[in-house]
1. Quick one: count up the residues across segment 122-152 that are within 15 Å of Ala180 (Cα to Cα) and assigned to a loop (DSSP other than H, G, I, E, B).
2. Could you say whether any residue in segment 154-162 is open to solvent by less than 40 Å² (accessible area, probe 1.4 Å) and in a helix (DSSP H, G or I)?
3. Show me the strands (runs of 3 or more DSSP E) found entirely inside segment 7-106 where at least 1 residues are over 25 Å from Cys154 (Cα atoms).
4. Answer with yes or no whether Ile65 is among the hydrophobic types (A, V, I, L, M, F, W, C) and open to solvent by less than 30 Å² (accessible area, probe 1.4 Å).
5. What residue, among those in segment 88-114 that are open to solvent by 20 Å² or more (accessible area, probe 1.4 Å) and within 17 Å of the chain's Cα centre (by Cα), is farthest from Ile191 (Cα to Cα)?
6. Counting only residues that are of a type in the set (Gly, Ala, Ser), under 14 Å from Val129 (Cβ atoms) and surrounded by 18 or more Cβ atoms within 10 Å (Cβ to Cβ), how many does segment 17-62 have?
7. Confirm whether Val178 is farther than 22 Å from Met27 by Cβ, open to solvent by less than 50 Å² (accessible area, probe 1.4 Å), touching a residue at least 24 places away in the same chain (Cβ under 8 Å) and of a type outside the set (Ser, Thr, Tyr).
8. Could you tell me whether segment 71-87 includes any residue that is within 24 Å of Thr166 (Cβ to Cβ), more than 13 Å from the chain's Cα centre (by Cα) and crowded, with 17+ Cβ neighbours inside 10 Å?
Amino acid sequence: FALGVACCGCATPPPTQEQLSSGLIWMFPGVEGGEWLLHGPRRAFRDAGVKSAIHTHKWRYPLGILPNLMDHKGNTEDAVQVAQQIDHYQQQYPGRPIDLVGYSGGGGLAIMVAERLPENVHLRNVVLVHPALSRDYDLTGALSRIDGKLVNFCSSRDWFMLGIGTWIFGTIDRVHTVSAGKDGFNPEVAIS
């Protein structure tokens with residue numbers, strides 16, 4: 001199905017100058033997908049009247065669930081590159097709001113990007129949806145770059161992917177444990 005969607009030309013057109021001037025939302029899909037996985041949320045942003053440019057992260061391995069999850073070196077390199085692109089955007093459009101939205105493994109990557117931003121680059125909000133990130137991950141570096149809120153949507157019912165799955169295969173930060181997407185972050189460690 002995903003291959004069929006990818007081949008149908010469902011790619012999003014590049015952002016307009018008006019959208020870029022309004023702000024930037026950088027979306028990070030789960031490790032299993034690309035733009036097609038976030039089609040619904042992108043449409044929801046537009047239906048809600050969001051005018052900002054929306055960019056979707058492309059993983060290194062199309063449809064490569066485990067390679068994308070386990071490639072810590074590659075994910076770190078991608079986080080640095082995205083942080084540089086966000087810095088460049090802010091230089092071109094100073095004062096415009098920048099938000100990150102990450103789903104599952106993409107939630108982990110969103111945090112990795114936030115903590116690698118230069119000190120002068122700040123995000124408005126970061127929204128994580130079931131992040132495949134360890135519960136004890138140190139969020140202080142990312143939080144220092146967020147002026148608004150860091151929101152984490154988690155579900156204790158996701159015992160399979162974000163419970164057993166991350167226990168066996170590891171989280172995006174390479175810890176074999178139940179993820180923050182299942183049980184939330186451990187505030188005594190993650191925000192110390």
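1. Result for segment 122-152: 9.
2. Yes, segment 154-162 contains a residue that is open to solvent by less than 40 Å² (accessible area, probe 1.4 Å) and in a helix (DSSP H, G or I).
3. Filter on segment 7-106 gives 53-56.
4. Judged against the criteria, Ile65 is not a match.
5. Per the criteria, the residue is Pro97.
6. Total meeting the criteria: 2.
7. Here the answer is yes, as Val178 does meet what is asked.
8. Yes, the conditions are met somewhere in segment 71-87.
The values are calculated or read from the model by the stated rules, or taken from the named source; none is laboratory data. Being a predicted model, the structure only gives us computed values, none of them experimental. Here Cβ is always computed from backbone atoms with ideal geometry, including for glycine, and neighbour counts include all displayed protein chains. For accessibility, only protein heavy atoms count, side chains too; no ligands or nucleic acids. Shrake-Rupley method; radii C 1.70, N 1.55, O 1.52, S 1.80 Å.
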